[in-house]
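A quick write-up on the structure given underneath.
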Amino acid sequence: MEIDLSAYKSNIAFFTKKLFPTKLMAVVKSNAYGHGAVEISHAAIESGVDRLAVAFLEEALELRAAGITVPILVFNYFNPRYAVEALKNKLTITIYSRRQLEEIKKHIPSGLKVHLNLDTGMRRLGPDINNALELAIDISRTGYDLEGVYTHFAVADEKKEQFTLAQVLIYKKFLEELKKARVNIKIRHVANSAGALRFNESIFDYARIGVASYGLQPSEEFYIDELMPVLTWKSVVSYVKKIKKGDSVSYGRTFIAPRDMTVATIPVGYGDGYNRGLSNKGEVLISGKRCRIIGRVCMDQFVVDVSHLPQKPKMGDEVVLIGTQGEENITAEELAKLLGTINYEITCAITSRVPRIYLRRENLT
């Protein structure tokens, strides 16, 4: 994988300008959506981002161990006994239930920075508006710093706006209730990548930008032209051979050659995160041309048809799995559509076995 840090910075600059005065919170969970959390976090900070977000405590501790000192918000559950690690490493935690609060208090009675997750319609974590105020008051009375309140959009990537606008109204109503109760909140954040350009308001202090910062489109319903893909995934040809009409290819004999063919083996498979569901339907780029996968994707290899190429490829020739070669382009969105999933599942699935190479290009526009 080649990770273009200059493209990442360009995407950050785009959102920084568009969302001003709202600031960016760079979401780097799941190893920065497969791009490499440490390197991406450094690039975000170099671009002026002053706050990061991750899913798990372990992810935040990895960033601290790499020398990253900016505030980091942890979204998800962790065993309450590890709250001491959150305090020691100056991490901000999410609290979303009274029981969770009580269990954490047994280990750390005061001093933690906290954001409250308000459920406005996602129905995943957090209290609804009828129960959130009491929890917010309890958090602020513990000696914890209730620094922020956030919610999460359920359908900001869809054309219809009603549900998302209703979520915003619930959130703003809750802010009013906090104000009446004299609970002071410093950081308010609502929008994710899909909602940032459509539903962000100047009263919100941060927008959480994840998928779009990597140049991946946050919705199938609308397209952001300015985004620059950050990731390119390449391999090579490892073997070329001729097969005869009637020959079968790979496990299960799911492909039977309809004619004499020239085929190439590519040393990538589902052990690298290249989905087995792409068997017999995915494509790669060789010599600037699309080459279809034939037979099943194996753990470490798959086979493609190269019969149509004007010149037979040779061992070591470049193969593009995601990215551009010549005038052709294969996107994470294309693979996601073939698999019936979303683009960032494609990148998150790429395993640590695939080396990440970090590139910087100057004067990127």
Magnitude of the Cβ-charge dipole (Lys and Arg +1, Asp and Glu -1) of the range 1-66 about the Cα centre, nearest 20 debye, reported as 400 debye
For the chain the translational diffusion coefficient, Stokes-Einstein from a Kirkwood Rh over Cα pairs at 10 °C and viscosity 1.306 mPa s, in µm²/s, is roughly 71 µm²/s
Beyond 29 Å, the calculated P(r) of the range 2-213 holds a percent of Cα-Cα pairs equal to 22 percent
Unit-weight point scatterers at every alpha-carbon of the range 78-121, Debye formula, q = 0.15, 0.26, 0.28, 0.29 1/Å: log10 I(q)/I(0) is -0.34, -0.93, -1.06, -1.13
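By its C-alpha gyration tensor, with a ≥ b ≥ c as the square roots of the eigenvalues, how is the range 231-330 shaped: rounded for a/c under 1.5, else prolate for a/b larger than b/c, else oblate?
oblate
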Excluding residues fewer than 8 positions from Lys245 in its own chain, the aspartates and glutamates with Cα under 17 Å of it are Asp260, Asp305
Per the charge dipole of the range 78-137 (beta-carbon charges, Lys/Arg positive, Asp/Glu negative, Cα centre), the residue among Ile93, Tyr82, Ser110 reaching farthest to the positive end is Tyr82
Distance in Å, no decimals, from the C-alpha centre of the range 114-166 to the one of the range 45-97 is 19 Å
For the range 174-226 the trypsin sites (Lys or Arg not before Pro) that pass both the DSSP coil test and the at-most-15 other-Cβ-within-10 Å test are Arg182, Lys186
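With viscosity set to 1.002 mPa s and temperature to 20 °C, compute the Stokes-Einstein D of the range 161-251, Rh being the Kirkwood radius across alpha carbon pairs; µm²/s, no decimals.
Working: Rh = 17.6 Å.
Answer, rounded: 122 µm²/s.
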Footprinting proxy, His35, His152, His42: sorted fewest to most Cβ within 10 Å, the residues are His42, His152, His35
Quick calc, the range 2-213, dipole around Cα centre from Cβ unit charges on Lys, Arg (+) and Asp, Glu (-), nearest 20 debye, gives 560 debye
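The numbers here are math on the coordinates, done by the rules we state, and not lab data. Small disclaimer: the values here were computed from a predicted structure and weren't measured. Backbone-built Cβ (ideal geometry, glycine too); neighbour counts: all protein chains shown.
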